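Below is one structure; the comments refer to it alone.
The values are calculated or read from the model by the stated rules, or taken from the named source; none is laboratory data. A quick note: this is a predicted structure, and the numbers were derived from the prediction, not measured. All Cβ positions, even for glycine, are placed from backbone atoms using ideal geometry, and neighbour counts span all protein chains on display. Just so you know, the surface numbers come from the protein's heavy atoms only, side chains and all, with ligands and any DNA or RNA stripped out. Shrake-Rupley method; radii C 1.70, N 1.55, O 1.52, S 1.80 Å.
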Amino acid sequence: KPRGTVRSVRPDRRTSLHPKVKMAFACVSMAAVRPTVARKVSLPKSRKAAVARRASVPVRAVGIEQEVALDEAPLTLLREGGEDDANSMRARFEKMIRAAQDEIVSAIEELDGQKFQEDAWTRPGGGGGISRVLQDGNVFEKAGVNVSVVYGQMPPEAYRAATGEAGGGKEMIPFFAAGIS
């Protein structure tokens, strides 16, 4: 079963689903049953060169930082006192995905009659996330709605491996990633 999907919906409880839950369920169901077909892909010459460069770049393993559990979710996962004010693109995006998480969780709780449990975490390099999980519900066996907002410094080797770009720079490259799943 694909990771992160709703594993089962009890068939006797499918009546009167909230429209947003119906759409999410349809997307999850389609993703879960769509067969994977292996196929040969012909890459353009420039892409082939990038893939070859990436394969030749030695990548140094970097330890994954341990997340730190929080007692409750912070108001923002962005840097305190950093360049991200309330109107920055990063702050607006975080606000949007957290609002989406709240909406989806509320719709599922209303449908299921059970509450999600919330875990919040930060990572030493910057940012963090909020995980919400419903288990053994009246309709859903298990459901999760997660938000991550992470940032920090990426080693140049990792950047070159991800982009296929050549270069001999030694300085760390800043990154920012945020999303909802």
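Given +1 on the Cβ of Lys and Arg, -1 on the Cβ of Asp and Glu, and no further charges, what dipole in debye does the range 95-175 carry about its Cα centre, rounded to the nearest 20? Don't skip to the end; give the middle numbers.
Details: 8 positive and 12 negative charges, 81 e Å.
The calculation lands at about 400 debye.
Can you sort D112, D102 by solvent-accessible area, 1.4 Å probe, largest first?
Working: D112 5, D102 75 Å².
Ranking D112, D102 by accessible area, largest first, yields D102, D112.
Using only the Cα atoms of the range 69-115, build the gyration tensor, take square roots of its eigenvalues as a ≥ b ≥ c, and label the shape rounded, prolate or oblate: rounded if a/c is under 1.5, else prolate if a/b is larger than b/c, else oblate.
Taking the square roots of the gyration eigenvalues as a ≥ b ≥ c, the range 69-115 is oblate.
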Requested in this report: Check each of the chymotrypsin sites (Phe, Trp or Tyr not before Pro) in the range 100-151 and keep only those in coil by DSSP with at most 14 other C-beta atoms within 10 angstrom; list them in order.
Outcome: none
Query - Loop-resident sites, the range 89-160, for trypsin sites (Lys or Arg not before Pro), counting at most 16 other Cβ within 10 Å (DSSP) - result: K115
Report task. Kindly identify the range 88-181 as rounded, prolate or oblate by the Cα gyration tensor criterion: order the square roots of the eigenvalues as a ≥ b ≥ c, call it rounded if a/c is under 1.5, otherwise compare a/b with b/c, prolate if a/b is larger, else oblate. Result -> prolate
Report summary line: Computed ³J(HN,Hα) along the range 167-178: with the Karplus parameters 6.51/-1.76/1.60, θ = phi - 60°, integer Hz and x for glycine or proline, the list is x, x, x, 10, 7, 5, 10, x, 9, 8, 9, 8
Query raised in the report: Accessible area, 1.4 Å probe, largest first: how do E110, E118 sort?
Result: E110, E118
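Of M172, M154, which has the most accessible area with a 1.4 Å probe, and how do the rest follow in descending order? Before the final figure, lay out the partial values.
Values: M172 90, M154 50 Å².
Order by accessible area, largest first: M172, M154.
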Requested in this report: Please list, in chain and number order, the residues 5+ apart from G127 or on another chain whose amide H is under 5 Å from its amide H, with Hs placed from the backbone.
Outcome: Y151
Report task. Name the residue farthest towards the positive end of the dipole of the range 60-169 from the options F140, Q66, V105, assuming +1 on Cβ of Lys and Arg, -1 on Cβ of Asp and Glu, about the Cα centre. Result -> Q66
